[in-house]
């Protein structure tokens, strides 16, 4: 593998070439040279209209359905899809069958992904069978390689259980991930509670269901100490609550899914179940607050919230369809389509350096002599998403057939590489 990336704006804060247009030579998985007007006879040249290059993206929230639901996605297809989307590291949630709640299951997951093009990270289950009651053997899972702990898309409703989780996790200085959703307020809800839900006759999920859970967990964090991460938020008030908690000195962080930065509940009138997600798509006011929250750093990371589904679970009546988007391959382009070039420069750390810091990982460095772990995209063009170009088994991507900005032109992680149409 011998590559020459031509005239790409390098994005890596603190790098001597940050925001400068450079050439980068990659050979045998190593960054060989960075400079101007480089020549590399025999190398495959990567060119474009407005190339940007950054460290590979880190996804903090994805589901590969393996084990138990491999017909929706398996480790191989999920890892390849992630790599094509520019992600070189992916944190998998424990919502599998069986769920990831023992040291053996953690080791099995890591072993299965050992040769994958992406670095697979595992979140161990917070509670047994994700039921929100009894705490799992977190210490054993941590020793086996679980990088943090999560209840996935099942919020811990029992306040005392959530408090014990925050206390126990401190024994290993582990990050606790929380999906903020009051199951009683959101019960049977399908979409955001508002004018669109009323017009469509669908039961709504109020913003309050998320915000009350965040307020509860922040109160617990203030009482117990520890490290808490809200996996995905969706409302303007949620951004404010977390901003206030950070100002008060709490060790709290949060993420937002890529699709919440571009879409609102205005896309729902066609009853397209591909737009059914949890948390639900909210208002334009919420979307703009989320975007600004990422730019300001209140929202620490952007995740794909990749949730692949098959026809039998997605193409149903709206209230029966499973929520989720199989969007790991389009997540970055969705983000790029939601903002200007200037905003994208401010947002990129939420895909690169900040998720690495959150998970305690070294940030990939684009320097001569280092292992290549980078992504190149073309900010100057748009492309149409085609199902035939997607590697995921999931059929539930609402952007198929639509135009998005900034297609991926190259992904490299060591000896692994992806060049579209090459």
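Read-outs throughout are calculated quantities, based only on the coordinates presented, and are distinct from any laboratory measurement. The structure displayed is predicted, hence computed values, not measured ones. Using ideal geometry, Cβ is built from the backbone for each residue, glycine included, and neighbour counts are taken over all protein chains shown.
Based on the mean of other Cβ atoms within 10 Å per residue, sort peptides 171-177, 312-318, 273-279, 232-238 so the most packed one is first.
232-238, 273-279, 171-177, 312-318
How many nm separate the modelled label positions at residue 212 and residue 342, each set 7 Å beyond the Cα in the direction of the Cβ?
According to this spin-label approximation, the distance is 4.1 nm.
What relative contact order, as a whole-number percentage, does the chain give when Cα pairs under 8 Å and 6 or more residues apart are counted?
Once divided by the residue count of the chain, the mean separation gives 19 percent.
Roughly speaking, what is the centre-to-centre gap between region 249-309 and region 141-190 when only Cα atoms are used, to the nearest Å?
First find each Cα centre; the distance between them is then 20 Å.
Using a Förster distance of 30 angstrom, determine the FRET efficiency expected from the C-beta separation of residue 318 and residue 160, and round it to 0.05.
Calculated value: 0.25.
Using a Förster distance of 56 angstrom, determine the FRET efficiency expected from the C-beta separation of residue 222 and residue 111, and round it to 0.05.
After rounding to 0.05, the efficiency reads 0.90.
Using Cβ counts within 10 Å as a stand-in for footprinting exposure, how do 159, 330 rank, fewest first?
In increasing order of surrounding Cβ atoms, one gets 159, 330.
Determine, for 267, 120, 165, the number of other Cβ atoms within 10 Å of each Cβ, and report the residues in order from fewest to most.
In order of increasing Cβ crowding within 10 Å: 267, 120, 165.
Students often check this: by mean Cβ neighbours within 10 Å, which of 345-352, 107-114 ranks highest, and how do the rest follow?
For the peptides 345-352, 107-114, the packing ranking is 345-352, 107-114.
Which three lengths, in whole Å and largest first, does region 1-142 cover when its Cα atoms are put on their principal axes?
60, 32, 25
Rounded to the nearest 10 degrees, what's the angle between the helix 103-112 long axis and the longest principal axis of the chain, both from Cα atoms, 0 to 90?
30
Order the peptides 31-37, 408-414, 126-132 from the highest to the lowest mean number of other Cβ atoms within 10 Å of their residues.
408-414, 126-132, 31-37
Can you put 205, 195 in order, fewest other beta carbons within 10 Å first?
So the residues, fewest neighbours to most, are 195, 205.
In nm, to one decimal, how far is the modelled label at residue 246 from the one at residue 30, with both set 7 Å along Cα→Cβ?
For residue 246 paired with residue 30, the spin-label model returns 3.9 nm.
How much length, in nm to one decimal, is gained on full extension between residue 131 and residue 284, taken as 0.36 nm per residue of separation minus their Cα-Cα distance?
Stretched fully, the residue 131-residue 284 segment lengthens by 51.7 nm.
For the chain, find the longest principal axis of its Cα atoms and tell me its angle to the long axis of helix 159-169, 0 to 90°, nearest 10.
Helix 159-169 and the main axis of the chain meet at about 40 degrees.
If you average the C-alpha positions of region 392-422 and of region 36-76 separately, how far apart do those two centres end up, in angstrom?
7
Under 14 Å from a point 7 Å along the Cα-to-Cβ line of residue 370: which residues of region 86-103 have their amide N that close?
In region 86-103, the label zone of residue 370 (backbone N under 14 Å from the point 7 Å along Cα→Cβ) covers no residue.
Obtain the nm distance between the two label points defined at residue 402 and residue 203 by a simple spin-label model: each point lies 7 Å from its Cα along the Cα-to-C-beta direction.
Distance between label points: 2.7 nm.
Ignoring everything except DSSP H segments at least 4 long, calculate the 222 nm mean residue ellipticity for the chain; use -39,500 (n - 2.57) per segment, divide by total residues, nearest 500.
When only DSSP H runs of four or more count, the value is -7500 deg cm²/dmol.
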